[in-house]
Amino acid sequence: MNILFAAFEAAPFAKSGGLGDVAGSLPAALNALGHDCRVMMPKHGGYETAPLTSFRVRLGWRDQYCGIEKAQAGGVTYYFIDNEYYFRRESIYGYDDDTERVAFFSKAAAESLDRLGDFRPDIVHCNDWHAALIPLFLAGRAKTVMTIHNLRFQGACPMWVTGDMLGLEDDEEACAALRWHDGANFLKAGIVRADRVTTVSPSYAEEICTEEYGEGLDPILRMRRDALCGILNGIDGEKWAPCADKSELCSELGLGQDEKAPLFAMVSRLTEQKGVELVLECADRLIREGGQLAVLGTGREDYEKALTRLAERYPGKVSVCIRFDEELSHRMFSGADFVLVPSLFEPCGLTQMMAMRCGSVPIVRRTGGLKDSVADGVNGIVFNDADAEGLRWALSEAMGIYGTDKYREMRENAMKCDFSWSRSAEEYIRLYESIS
Ligand code: ADP
Ligand code: GLC
């Protein structure tokens, strides 16, 4: 089958979180099963590419240049949508005109479909709200799968965007798909219009049909329940192998060398989702009881500041790096004793898998993909409540087993877990086949 995988970020070219990892590794796994999956993404940087074609894209009253360029990486063909005004920026997201940038990406991707030379996609696999308008613009020209990596981000905007930017004001069906409450909602349109809807773990697929996790879209998800399923993400097993030990990591981070002190690490976007507040609340006690803490992350300024202050308070015991650094993340997963993922919600979560492969024991909250990938007392520690009490319990469990045979057994079990893409890739193929 020919699959076009549309995502706003994909490693190795651009990554800000798990979407970049998935878009950078699932296509290769689909290809390994004998299919032809190619990635389509914005050209965020000055990558070495070969021009394929160019055309104009109308966005309401705007008439914009769109180049399609091509490159290969890891045996996968990447198509880049080139428009320097929209995409050549310092970061991938976070601009006032993100709605317009995303509208352009989706429309350009849909309009490129007949211009990819001899590659004719049977399936267009749309990821997150950035690609959610593609089913609308394709209007039946290919089968579509809409994957939700994170329901919190939806592309909710005023209804006038439908005319001003999308040029769809006269298309009643499109307007109905977009309309949600008082405005338009890109992700809702994708969920309504795609042939199948997936999310990145079986548990999250169930959770998002409830009001608690549905982020306001649960009525729509319940309506599409028959078309919805969860397929657990994988990771690139070759890339995520142990690469550093604890003493190397401690000297790199300026932490005291103390075999008896368990080292807890967290690598994360610093947002509400990730449970940063719980970590801040539990940190003093963790240090008092003899633990060490290393955090690598960027995000909300108040979290960054609070963590930085914590590190200043406990020199040699707490290390905080406020930056994005994939190589350091790898050394942290390898050198830490435990990795913290205390998320309030987690569609899948990849850091617990990477950490397990690299030899640290995960401490996770029982939610979404964390629940589907970690078994309490077997290969990690799983706590129930999204509050400091919950995490405190888990941390004292960790302190209790550290240095014992139980810890070594858990670590071994964690390292043996198979998080390769092969099984999930087969599930995606069955899903594509069911609609083509
Ligand atoms: P999410 O996509 O919600 O951020 P995931 O766990 O699925 O969560 O994926 C996050 C990815 O981003 C992982 O590969 C993680 O290691 C990486 N990551 C997050 N923050 C950083 C950082 N500051 N430096 C390096 N890698 C990071
Ligand atoms: C999202 C989710 C995360 C998931 C990732 C890749 O960013 O927050 O849980 O692992 O997408 O699917």
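Throughout, read-outs are computed from the coordinates displayed, never taken from laboratory work. Not measured: the values here are computed from a predicted model. Cβ placement follows ideal geometry from the backbone for every residue including glycine, while neighbour counts extend to all protein chains displayed.
Near SER319, once Lys and Arg are set to +1 and Asp and Glu to -1 for all other residues with Cβ below 15 Å from its Cβ, the sum equals -1. For GLY275, the residues whose amide H sits under 5 Å from its own are LEU344, ignoring neighbours fewer than 5 places away on the same chain, with H placed 1.01 Å from N.
Is the C-alpha gyration tensor of the stretch 246-416 telling us rounded, prolate or oblate? Criteria: a/c under 1.5 is rounded; beyond that, a/b larger than b/c is prolate, otherwise oblate. Verdict is rounded for the stretch 246-416. Which shape class, rounded, prolate or oblate, goes with the stretch 207-296 when its Cα gyration tensor gives a ≥ b ≥ c as root eigenvalues, a/c under 1.5 marks rounded, and past that a/b bigger than b/c marks prolate? Because a/c hits 1.5 or more and a/b fails to exceed b/c, the stretch 207-296 counts as oblate.
3J(HN,Hα) along the stretch 296-308: 10, x, 9, x, 4, 4, 5, 5, 4, 5, 4, 5, 4 Hz, from the Karplus curve 6.51 cos²θ - 1.76 cosθ + 1.60 with θ = phi - 60°, whole Hz, x for Gly and Pro. Per-residue Karplus couplings for the stretch 126-141, computed as 6.51 cos²θ - 1.76 cosθ + 1.60 with θ equal to phi - 60°, are listed in order as 9, 10, 6, 5, 5, 10, 6, 7, 4, x, 5, 6, 6, 6, x, 6 Hz, Gly and Pro entered as x.
Close amide-amide hydrogen proximity is noted between MET40 and PHE5, ALA6, ALA7, TYR79, each under 5 Å apart and 5 or more residues distant or on a separate chain (H modeled in the peptide plane; Pro and chain starts excluded). For the chain, the mean residue ellipticity at 222 nm estimated from helices alone is -10500 deg cm²/dmol, where every DSSP H run of n ≥ 4 contributes -39500 (n - 2.57) and the total is divided by all residues, rounded to the nearest 500.
Bridging of LYS246 to lysines at a Cα separation below 22 Å is possible for LYS260, LYS317, LYS406, LYS416, once same-chain residues fewer than 8 apart are set aside. Taking Cα centre as origin and charging only the Cβ of basic (Lys, Arg, +1) and acidic (Asp, Glu, -1) residues, the dipole magnitude of the stretch 134-244 rounds to 340 debye. For the chain, set up a Gaussian network in which alpha carbons nearer than 10 Å are linked by springs, and say which option among PHE153, PHE105, PHE345 fluctuates the most. Maximum fluctuation in the GNM of the chain, among the listed residues, is at PHE153.
Cα centroid separation, the stretch 353-384 to the stretch 325-352: 10 Å. Summing +1 for each Lys or Arg and -1 for each Asp or Glu among the other residues whose beta-carbon sits under 15 angstrom from that of ARG222 gives -4.
Counting Lys and Arg as +1 and Asp and Glu as -1, what is the net charge of the other residues whose Cβ lies under 13 Å from the Cβ of LEU328?
Its environment carries a net charge of -3.
When only Cα pairs below 8 angstrom with a gap of at least 6 residues are kept, the chain shows a relative contact order of 13 percent. Of the residues HIS181, HIS35, HIS149, the one that moves most in a GNM of the chain with alpha-carbon contacts below 10 Å is HIS181.
Say a paramagnetic label sat at a point 7 Å from the Cα of GLU212, along Cα to Cβ; which residues of the stretch 265-289 have their backbone N under 20 Å from it? Answer for this model: 272-279. Each Lys and Arg adds +1 at its Cβ and each Asp and Glu adds -1 at its Cβ; summed about the Cα centre, the stretch 246-416 shows a dipole of about 140 debye. Projecting the Cα atoms of ILE287, GLY230, SER247 onto the charge dipole of the stretch 207-297, computed from C-beta unit charges around the Cα centre, puts GLY230 farthest toward the positive end. Pairs of Cα atoms nearer than 8 Å and 6+ residues apart set the relative contact order; for the stretch 332-436 it is 24 percent.
Sort the chain into rounded, prolate or oblate with this rule: let a ≥ b ≥ c be the square roots of the eigenvalues of the Cα gyration tensor; rounded if a/c is under 1.5, and if a/c is not under 1.5, prolate when a/b is larger than b/c, oblate otherwise. Taking the square roots of the gyration eigenvalues as a ≥ b ≥ c, the chain is prolate.
Ordering ALA386, THR271, PRO362 by Cα displacement along the dipole of the stretch 246-416 toward the positive end leaves PRO362 in first place; charges were set at the Cβ atoms of Lys, Arg (+1) and Asp, Glu (-1). Contact order, relative form, for the stretch 19-130: 23 percent (alpha carbon pairs under 8 Å, 6 or more residues apart, mean separation divided by residue count).
For the pair the stretch 219-263 / the stretch 35-110, the C-alpha centres are spaced 29 Å from each other. About the centre of its Cα atoms, the chain shows a dipole size close to 440 debye [charges on the beta carbon of Lys, Arg (+1) and Asp, Glu (-1) only; nearest 20 debye]. Close amide H partners of THR144, meaning residues 5 or more places away or on another chain with modelled amide H under 5 Å apart, are VAL124, ASP195, ARG196. Sparse packing (at most 15 other Cβ atoms within 10 Å of the Cβ) combined with a DSSP loop state is found for the following trypsin sites (Lys or Arg not before Pro) in the stretch 265-352: ARG300, ARG323.
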